[in-house]
Amino acid sequence: MTDNHSSKAQPDCDVVVVGSGFAGIYALWQARQRGLSVRGFERGSDVGGTWYWNAYPGARCDVESYNYAYFFNNDVVREWNWSDACAGQHEIQRYLRFVAERCEVLKDITFNTKVIAARYDEETGLWSVQTSAGETIVCRYAVLAIGALSDPKAPDIKGVSDFAGEAYFTSSWPKDGSVDLRGKRVGVIGTGSSGVQVIPEIAKVAAEVYVFQRTANYVTPTAAGPMDPKLVAALREDPQAIRRAFRETFGGHTPLRMGDQRYYDLDAAERERVLQDAWDGKYIGLAFRDAYLPEANAAISDFLRQKMREQVNDAWTADHLVPWDHPYGGKRPCQSDVYLKTFNQAHVRLISLPETPIEEIVPEGIRTTAETIALDVIVYATGFDAISGPVFAIDISGVGGRSIKDEWVDGPLNYLGTMVHGFPNLFLPSSAMSPSVLSNMATLAEQQVDFIFDTIEWLDQHGRPLLHPLPVSQEQWREETLRYAQRRPGALTTKSWYSGANIPGKPRVFMVYTGGFKRYNETCYRELENGFPGYELLAPPRARRGEQVSGG
Ligand code: NAP
């Protein structure tokens with residue numbers, strides 16, 4: 001199984017799954033259920049993906065635990081007890097371990113092993129997957145469940161390696177408890193969702209905290225708190241009905257609360273009351289039924305700015321913590337009940353980088369255009385090279401030896417967010433042009449993996465072992481993604497990682513399909529029901545005729 005060459009006519013296994021987050025664990029289980037032989041690879045020492053790596057203090061999911069979970073297995077739904085409506089990182093990782101154990105997929109995973117390359121062999125129609133351990137596995141199908149936010153962005157700041165103190169990334173926080181910030185002077189760069197969660201925790205123990213903010217974000221109340229036993233009981237009654245129902249919604253889950261009145265049906269006083277109710281009820285982003293309209297969005301954005309300012313005592317700090325450059329939702333909004341109030345503490349100071357940019361990181365701290373701030377520790381909450389970053393981290397080549405980097409030189413191009421022309425039988429769940437992070441990622445993981453394995457089953461049943469999308473399908477899908485993005489306030493005008501704008505030189509392509517989960521799911525399954533008209537089905541290569549599925 002470990003031969004170090006790629007021209008074998010027979011595969012070592014049917015499927016290789018890379019990654020063991022929500023999608024990877026479920027993909028391993030699906031492969032086994034369908035009688036396919038499978039190997040899994042994970043660069044971490046345990047399962048969890050995002051929830052393995054982002055182990056920074058305060059890390060938790062702001063999508064509620066009622067929704068952010070698997071539903072494919074009734075026993076899992078009925079046996080697992082969430083301690084909080086917004087579970088913390090540690091608990092979500094434990095949950096994923098529990099599911100992996102329950103599904104008996106741990107034995108299929110090789111941990112502490114990166115996949116470094118994947119090459120398609122045109123003679124055999126097989127993929128050769130190379131690992132950091134020097135192993136090469138030949139397979140029929142490769143599923144790269146590598147996540148959308150798994151490739152940390154290198155800080156593009158002069159002098160990063162000159163700093164004499166300790167430096168940590170939220171995206172790879174040490175898990176051994178070795179980080180001790182007590183009594184230290186800590187600088188945090190970045191105020192996205194990770195920064196907003198970690199900063200209050202750092203402020204609890206550090207002597208001085210300096211928050212280096214380039215762009216302010218909207219921060220709304222969290223739904224954290226005890227689980228509602230009635231809701232839990234309802235989920236457990238018929239998990240499969242819930243699972244089906246999620247796929248009929250726009251976001252891949254049923255919003256627990258949302259406004260039921262339309263912005264244009266209300267007068268000014270009624271709008272204010274509706275906004276206040278939504279703020280109190282923790283669904284401000286969905287305050288109106290038509291919250292997606294620019295005017296409704298502007299009302300929500302104004303209201304939020306006012307609510308955010310009210311939480312901060314110092315006028316200058318309040319003004320600077322409020323986002324003026326983009327509408328609510330243009331960037332991914334943050335949730336915290338304590339972040340803004342953290343700035344009322346005497347030892348916490350905001351540094352506004354548009355006014356006093358960082359010039360350089362120096363051995364003793366961070367030098368801005370105004371001063372040098374002495375630090376013991378720098379925490380980078382600087383985000384990720386989203387979506388295409390993890391794909392490019394693997395040397396992937398397809399038909400004609402073309403690399404995926406070359407194919408995506410002008411930004412990601414694929415069909416239905418899972419497959420790329422010229423890369424037959426390579427599946428990329430949670431990649432570009434899927435509902436991705438603007439949907440419930442747990443539901444998406446199940447939906448995409450179901451679709452991938454339903455596709456594989458179809459191919460096997462029809463004796464057509466190879467499939468890739470037509471170029472025209474990719475063009476149309478990109479256009480459709482763009483068309484929906486145009487309707488989303490701020491989507492195309494805000495500098496955000498949704499469109500690659502956080503990475504210097506990255507092509508600006510809005511990478512998330514916002515046509516809704518229901519439409520996405522229906523489009524995928526329409527392809528399957530109609531025999532894949534948007535794809536090219538290839539005959540078995542000569543070298544593989546007569547091959548049998550190797551079975552699990
Ligand atoms: P992010 O949203 O991309 O935020 C990165 C931050 O670092 C931004 O404030 C950015 O400023 C700043 N930054 C980057 N480079 C900088 C530089 N050279 N100088 C100064 N500032 C710099 O990354 P993230 O906070 O890690 O979040 C990424 C995504 O992960 C989120 O959007 C969300 O989807 C997911 N997440 C989810 C949760 C959850 O609860 N479910 C929690 C954490 C993260 P600019 O805005 O000016 O670029």
What is the spin-label model distance, in nm, from Leu537 to Arg78 if the labels are put 7 Å beyond Cα along the C-beta direction?
3.9
Report the net charge of residues surrounding Thr481, where surrounding means a beta-carbon distance below 15 angstrom and charges are Lys +1, Arg +1, Asp -1, Glu -1.
+2
Given a 1.4 Å probe, the accessible area of the stretch 282-346 per residue, as a whole number of Å², is 45
For the chain, longest principal axis from Cα atoms; helix 89-102 axis from its Cα atoms; angle between them, nearest 10 degrees, is 20
Charge tally in the Cβ shell below 15 Å around Ile109, where Lys, Arg are +1 and Asp, Glu are -1, Ile109 excluded
+1
Per residue, how much accessible area does the stretch 20-110 show when a 1.4 Å probe rolls over the protein heavy atoms, in square angstrom?
33
Could you let me know the centre-to-centre spacing of the stretch 237-270 and the stretch 292-340, using Cα atoms, in angstrom?
23
Probe 1.4 Å, accessible area per residue of the stretch 373-508, Å²
32
Counting only protein heavy atoms and a 1.4 Å probe, tell me what percentage of the chain's accessible area is made up of carbon and sulfur.
49
I want the antiparallel fraction of DSSP beta bridges within the chain, as a percent rounded to 5.
40
Under the 0.36 nm per residue contour assumption, what length would be gained going from the current alpha-carbon distance of Asp302 and Glu457 to full extension?
50.7 nm
What do you get for the angle between helix 471-486 and the principal long axis of the chain? Use alpha-carbon atoms, 0 to 90 degrees, nearest ten.
20
Taking Cα atoms only, helix 441-461 is inclined relative to the longest principal axis of the chain by an angle, in degrees rounded to 10, of 10
In whole Å, what is the distance between the alpha-carbon centres of the stretch 126-176 and the stretch 387-456?
17
Taking a 23 Å limit on the Cα-Cα distance, which of the listed pairs Lys158/Lys204; Lys158/Lys331; Lys341/Lys495; Lys8/Lys405; Lys184/Lys204; Lys204/Lys341 fall beyond it?
Lys158/Lys204; Lys158/Lys331; Lys341/Lys495; Lys8/Lys405
Extension reserve of the Phe392-Arg526 stretch, reckoned as 0.36 nm per residue once the Cα distance is removed
45.3 nm
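The values are calculated or read from the model by the stated rules, or taken from the named source; none is laboratory data. All values derive from a computational prediction rather than experimental measurement. Reconstructed Cβ throughout: ideal geometry from the backbone, glycine too, with neighbour counts over all protein chains shown. These accessible areas exclude ligands, DNA and RNA; they are computed on the full protein's heavy atoms, side chains included. Shrake-Rupley method; radii C 1.70, N 1.55, O 1.52, S 1.80 Å.
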